[in-house]
Amino acid sequence: MSIPLSYNLRNLRVRWRSTLATMVGIALVVTVFIFVRALAHGMESTYISTGDERNLIVLRKGSTAESSSQISREEARRIKYMDGIARDEHGEPLASAEIIVLILLDRVGGTGSANVLVRGISPVALALRPQIRITDGRMLHPGLRECIVSHRIAERFAHCRVGESFQSGKTTWHVVGIFDAPQTAYESEIWVDADEARSAFRRDFYGSVLLRPVNAAAAETLKQRMLADRLLGVKVQTESAYYREQTQSAGLFQFLAWFLAIIMTIGACFAAMNTMYASVGGRTREIGTLRVLGFRRRQIYASFLLESVVLSLLGGALGCVISLLFNFMSTGTFSQTTFAEVAFQFRVTPWMLGAGMLFALVMGVLGGLLPARLAARKPVLDALRAV
């Protein structure tokens, strides 16, 4: 003979105040757990979807990012005109010598400032990145202090709309276009002419060369040729591989997610345990009655443990619903690799929701073990005296 589930559900309803308080506590723990995981996943997805497997990126050997790489103008010119690089309709090599610099911009509404990436590009940069398109204004003209900005930069920073201008140092940049770079790292960048960037920021070098080989065989030949050239001293990898390496900056959020999970799980388990202890203390008569009716200790143990699990799962479900409200919400954070703000979207996946429910299940089991044991071990005579 087993205790019906309706008995446990009825007790949760009768003691609705403590039930609701525990549910909210567990829901907040699950929400924070999913929230931080979604933050890390959103950043990872942004970087992973940025690169193109067809492109090769050339950096200085030993550098970990474009911002720390230095390639001279002579080296960039040699790389640009190597055999095996595809050409556009005008016969120009699809190779863009680029440079990355950091500038400080004020946020919209005067709410502070942040570092923003400025990418100096060549005229063929858009041909190498077909996922990017100009949505407002026009493409910048080489040789002028013009720039195009991503729509997220335009939304988050002052003086970044078409027709406006912002100043960096002694240079004034005129915004002539807004580009859309959906779910890529380019959403956090401002683009200017590469030679204008070198002049304005006093750089005698480029940071990288992005190029498109004619085919996979040419890509491997180009890679081996550049790696074997000791005068160049460069490293070569696919653009996709390069951006996958940049996801290491999301490691901080991965650590934070698990650290918060452990700390908050302990607190949530104590909350569930406290609720169940109070429930056991207030149901001495019921426990005695159950024992007199012939229910065994293991059945009472299972009953109270099940009640704790149901309570936690209800809280977990509430936490999952709350976390879905943040799905695809845009935000930005500081990147440890580029030292600039990176814009991205939260990504709540079914796997995260499942992990949140499993998380709640673990809290319910841990929080209900000791109270269920106490209920099962109550002496029958003590229980009957309370009747």
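The values are calculated or read from the model by the stated rules, or taken from the named source; none is laboratory data. Bear in mind the structure is a predicted one, so any value in this text is a computation, not a measurement. Positions of Cβ are backbone-derived with ideal geometry, glycine not excepted, and every protein chain shown enters the neighbour counts.
Residues to consider are LEU210, LEU260; find the one that is modelled with pLDDT of 90 or more, surrounded by 15 or more Cβ atoms within 10 Å (Cβ to Cβ) and within 29 Å of the chain's Cα centre (by Cα). On inspection, the qualifying residue turns out to be LEU210. Scanning the range 112-167 for residues that are crowded, with 19+ Cβ neighbours inside 10 Å, among the polar types (S, T, N, Q) and not in a loop (DSSP other than H, G, I, E, B) yields one hit, SER150.
The residues listed here are THR46, THR22; of these, the one that is under 30 Å from ASN215 (Cα atoms) and modelled with pLDDT under 85 is THR46. When LEU381, LEU290 are checked against the criterion of being surrounded by fewer than 16 Cβ atoms within 10 Å (Cβ to Cβ), among the hydrophobic types (A, V, I, L, M, F, W, C) and modelled with pLDDT under 75, LEU381 stands alone in meeting it. The sole residue among ALA197, ALA217 that is outside any loop (DSSP other than H, G, I, E, B), farther than 21 Å from ILE121 by Cβ and assigned by TED's automatic domain parsing to the domain that holds GLU75 is ALA217. Restricting attention to the range 107-162, the residues that are among the charged types (D, E, K, R), under 25 Å from the mean Cα position of the chain (by Cα) and farther than 27 Å from ALA86 by Cα add up to 4.
One residue alone among GLU75, GLU98 is closer than 17 Å to ALA181 by Cβ, at pLDDT 90 or above, of a type outside the set (S, T, N, Q) and surrounded by 22 or more Cβ atoms within 10 Å (Cβ to Cβ), and that residue is GLU98. Scanning the range 221-233 for residues that are assigned to a helix (DSSP H, G or I) and surrounded by 14 or more Cβ atoms within 10 Å (Cβ to Cβ) yields THR221, LEU222, LYS223, ARG225, MET226, LEU227.
Okay, residues lined up against (1) part of a helix (DSSP H, G or I); (2) more than 30 Å from GLU164 (Cβ to Cβ); (3) among the basic types (Lys, Arg):
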site	(1), (2), (3)
VAL30	yes, yes, no
ARG54	no, yes, yes
SER67	yes, no, no
GLU74	yes, yes, no
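What do you reckon, is ALA38 buried (at least 16 other Cβ atoms within 10 Å of the Cβ) and either assigned by TED's automatic domain parsing to the domain that holds PHE157 or in contact (Cβ under 8 Å) with a residue 12 or more places away in the chain (or both)? Spelling it out, ALA38 is indeed buried (at least 16 other Cβ atoms within 10 Å of the Cβ) and either assigned by TED's automatic domain parsing to the domain that holds PHE157 or in contact (Cβ under 8 Å) with a residue 12 or more places away in the chain (or both).
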